[in-house]
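Heads up: the structure comes next, in structure tokens.
The values are calculated or read from the model by the stated rules, or taken from the named source; none is laboratory data. The structure presented is a predicted model; accordingly, all values stated were derived computationally and were not measured. Positions of Cβ are backbone-derived with ideal geometry, glycine not excepted, and every protein chain shown enters the neighbour counts. The area values use the complete protein model at the heavy-atom level, side chains included, leaving out ligands, DNA and RNA. Shrake-Rupley method; radii C 1.70, N 1.55, O 1.52, S 1.80 Å.
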Amino acid sequence: MAAALLGGAALGPVFDLLLKSVIDVGIHIATFRSKFLSLKQTLIDIKPVFDDIERLSKVLDGRDEEIDMFKKQLMKGEELVFKCSKIKRCDPLKKWSYSRKLTKLDNSLVKFCQIHGLIQVVRDSKQILVKVNENGKKLEEIHSMMRNVSLMRSGSSIGFTNSSGSSGWMNGSSFGFSGLSNMPQVSDSMVGFEVPLHELKQKLKLLQEKDQVLVLSAPPGCGKTTLAAKLCQEDDIKAIYSDNIFFVTVTKTPKIKCIVGEIFEKKGYRVPEFTTNDDAICQLNNFLGGITQPILLVLDDVWSESELIIDHLKLQIPDFKILVTSRFVFPKFDTYKLKGLSEEDAKHLFCTSAFKDGIPDVRLDLVDKVVRSCGGFPLALRVVGRSLCGQSEVIWLNRVMMQSKRQIFFPTENDLLRSLQTSIDALDKGALQSRETTILRDCYLDLGSFPEDQRIHPAALLDMWVERYNLDEDGITAMAIFLELSSQNLVNLALARQDARAVLGLHNLHYIQQHDMLRELVIHRCDEKPVEERMRIYINIKGNDFPRWWFEQRLQPLQAEVLSIVTDEDFSCNWHGVRFPKVEVLVLNFETRTYNLPPFIEHMSQLKTLVVTNNGFFPANLNNFQLCSLLNLKRINLERISVTSIFTANLQLPNLRKISLNMCEIGEAFENSAAKMPYMWPKLVEMNIEYCSDLTKVPAETCDLVDLKRLSICYCHELVALPEELGRLTNLEVLRLHSCTNLAELPKSIVKLNKLKFLDVYDCVAMDNLPLEMDQLCSLQTLCMGSSLGIYKLPDSLQKLVKLEDVVCDEETAYLWESVKEHLKNLRITVMEEHINLNLLHRS
């Protein structure tokens, strides 16, 4: 029946046939039930997309090679499902083989959409083509436009003419976190939000199209962001908006072009280069106007000065609504006011944080006093409660006294901040008290170095802490600090896999985020002393408006050891001569396409760690990088930077130990300058390269960095090969190649790395074998491999890896390891749940 459908049949019936087969067989066959449930969910998730494609494909008069390719994919799937229904449970080999084939089908359905652009590129392109066709364009012109979709996949661009007359729809940045949602993770067991959630949901559903905007207003720390995120994850809301919910965090001084750029990124598109704010709105209107389903835009943490931004984003397209969260009220918009928790809910939330099983084990009057001091703020209740967890009654009494005596130091939100302050003071008494008493608090205060609402890369903090507090370079202690701060509800951790954090450690951590009120408190703590006495100086420059003290201190050296400077896209001023001779950590955040490094870097003789982050959408060029030729500089961490800036400066850094390139533009500079690296950085022991989408190969000369111990090249989807000279890195202990999806094999010389302890090839989906002589990796302790769908047999030599302790893999790969485990009695196999998440695997 399936074969009969190929000759010109519509896509819908073929798709429906596979879905029906999966449902029917899945009900009766227990052998592959989990696989059929996963496949069923995948088909349900992508069905609305293909309903749109089916409807719009009629414009192309049935001549669509993409559709025919997908039909064949679906029909092969239907045949596979039929064969699975005939497998007997007593045949384990066939069961394993067909289980892998079902997983491969599941993955390929989604990956086909990714690779061929069907989910967004084809659908939205066809939307545009329908409109073009209605205006009288010839069908031949339409097909010509559709061929450009294929060009886009290889890095070219398609598009229309924007308001400035330039082509720009699919042009732009290819180095963003495209598709990554900024929506916070929320717990299923939230306290006191049931009624507000229902009321907010009803208010949003009843919002008239002419009104378009709904404001969720409450003081900071009341849970506005959490409530908005929870609403977006409700089944009935997702049924309305599908994957067209955009959650954008707005800064105190928002830029329309930045907000629009984030929306493009979240949909998996390259960010256009907007010439003006009007151009950005015009392109956004064209972009979202091609989506046929309702759209919800969530603007989180909007300040009172940004009302005009909301007005600009009120697009004239059908079924488009905006949900705004703010600590302020906007009278012109419909508003839902979120109140603090009731006394009963507040006590319940506090007890779940402060006591095991939520049952108080101290005097109830102390509990009541602390709860009242938190003022019904969920943030304070969680943070304060967690800081008192497991503490003696004496500590509780002292905390009540501190709460009552502490002076109010903020003109607003003082109750919240006063409560949070005592929890920061209590950090010295945390789980890490065996180390220097102030390390946990100092590490927490260092978080103020990063801009508000920024996702902080763990490697950047590790680079700071290794040099300031002598932490181990492998990140074990740093991960313990992150987990302790998270347990205190002071930071949010985005873990890649909940089920492997013990094995993967810091490698399992995507990013760290901090609540804006907690960051505000950190800044206040660091700014309490006069500027000349501060150990940390955090500066946020709007436009060219330097702080007043900057000019007053020009002749007097400052004592700070940590310096953070944030500038925006309007910064164009020359740096003024201030001296920071004792700075050990310098963190620079900016938004411009070209950035002049401050000249005072040249005199930072104690500088050990340099973190430079471009918060724009496009790789930036750094000028004056030659100023960084400092003898003590040991760690460089760059994000969204063109590395040409580094290599043309010909930096001689004799003590550099680590360099990290995150979402950087590698270009030809890396390859052309690789031969210089062993001479420029003779003591380099670690190199991290992540999300660099133009990295296609690693130069052979990189393998002359003979002291290298850790090499991480992850999420580089265009990387196709590693150099055969890799075996020269005889001191290498860690090799991470996670999610390099086009990497087909490991070089044979890898078996010469007899000091290698950790190897990660997870999600290297094109890899179809491991080297036969794996037993020569005699020091290997941890191996991560999964979703490598071509690997059907493991080398027998793995049975001789006597030091191998942990294998992290998917369910199908675990089956392959069962025979190896018989020879390695101490081997632990951690099976990962498969999450097909193109947003994490693909950053355009």
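Details
- Residues of the stretch 617-771: accessible area per residue with a 1.4 Å probe, Å²: 34 Å²
- The slack in the chain from GLU718 to ARG548, taken as 0.36 nm per residue of separation less the alpha-carbon distance, amounts to 56.4 nm.
- Translational diffusion coefficient of the stretch 513-605 (Stokes-Einstein, Kirkwood radius from Cα pairs, 10 °C, 1.306 mPa s): 113 µm²/s.
- Taking 7 Å steps out from each Cα toward its Cβ at LYS793 and ASN632 produces label points 5.9 nm apart.
- When each of LYS210/LYS339; LYS266/LYS676; LYS40/LYS224 is checked by Cα-Cα distance, pairs over 30 Å: LYS266/LYS676; LYS40/LYS224
- Over all pairs of different C-alpha atoms in the stretch 281-404, the reciprocal of the mean inverse distance, the Kirkwood hydrodynamic radius, equals 17.8 Å.
- Theoretical gain in end-to-end length, GLN73 to HIS198 [0.36 nm per residue, Cα-Cα removed]: 40.8 nm
- Over the stretch 198-339, relative contact order from alpha-carbon pairs under 8 Å, at least 6 apart, %: 43 percent
- Legend: distances between Cα atoms for LYS47/LYS321; LYS582/LYS634; LYS255/LYS658; LYS529/LYS608; LYS230/LYS321; LYS20/LYS205; pairs beyond 27 Å are LYS255/LYS658; LYS20/LYS205.
- Cα point-scatterer Debye curve for the stretch 690-844, base-10 log of I(q)/I(0) at q = 0.16, 0.17, 0.18 Å⁻¹: -0.87, -0.99, -1.11
- Fraction of alpha-carbon pairs over 14 Å apart in the stretch 261-337 - percent: 65 percent
- Once you reduce the stretch 581-599 and the stretch 301-320 to the center of their Cα atoms, the two points are 33 Å from each other.
- In this label model, LYS683 and LYS356 are separated by 4.7 nm, measuring between points 7 Å along each Cα→Cβ vector.
- Highest mean packing first, where packing is the average number of other Cβ atoms within 10 Å per residue, the peptides 358-371, 270-283 line up as 270-283, 358-371.
- Packing-based ranking, highest mean first, of 762-768, 704-710 given that Cβ atoms within 10 Å are counted: 762-768, 704-710
- Cβ-Cβ FRET estimate between ASN754 and LYS821, R0 fixed at 30 Å, reported to 0.05: 0.85
- When a 1.4 Å probe is rolled over the protein heavy atoms, the share of accessible surface on the stretch 234-368 that falls to carbon and sulfur comes to 50 percent.
- By the rule of a C-alpha distance below 18 Å, with chain neighbours fewer than 8 residues away ignored, the lysines paired with LYS793 are LYS94, LYS95, LYS101, LYS104, LYS748, LYS821.
- For peptides 659-672, 818-831, sequence by mean Cβ density within 10 Å, most packed first: 659-672, 818-831
- Extending 7 Å from Cα along the Cβ direction at ASP45 and again at ASP768 yields two label points whose distance is 2.7 nm.
- For the stretch 530-656, the antiparallel share of DSSP beta bridges with both residues in that region comes to about 5%.
- Whole-angstrom gap from the stretch 534-571 to the stretch 603-638, using each part's C-alpha centre: 17 Å
- In the context of the full set of protein chains, residues of the stretch 249-349 present 40 Å² of accessible surface per residue (probe radius 1.4 Å, heavy atoms only).
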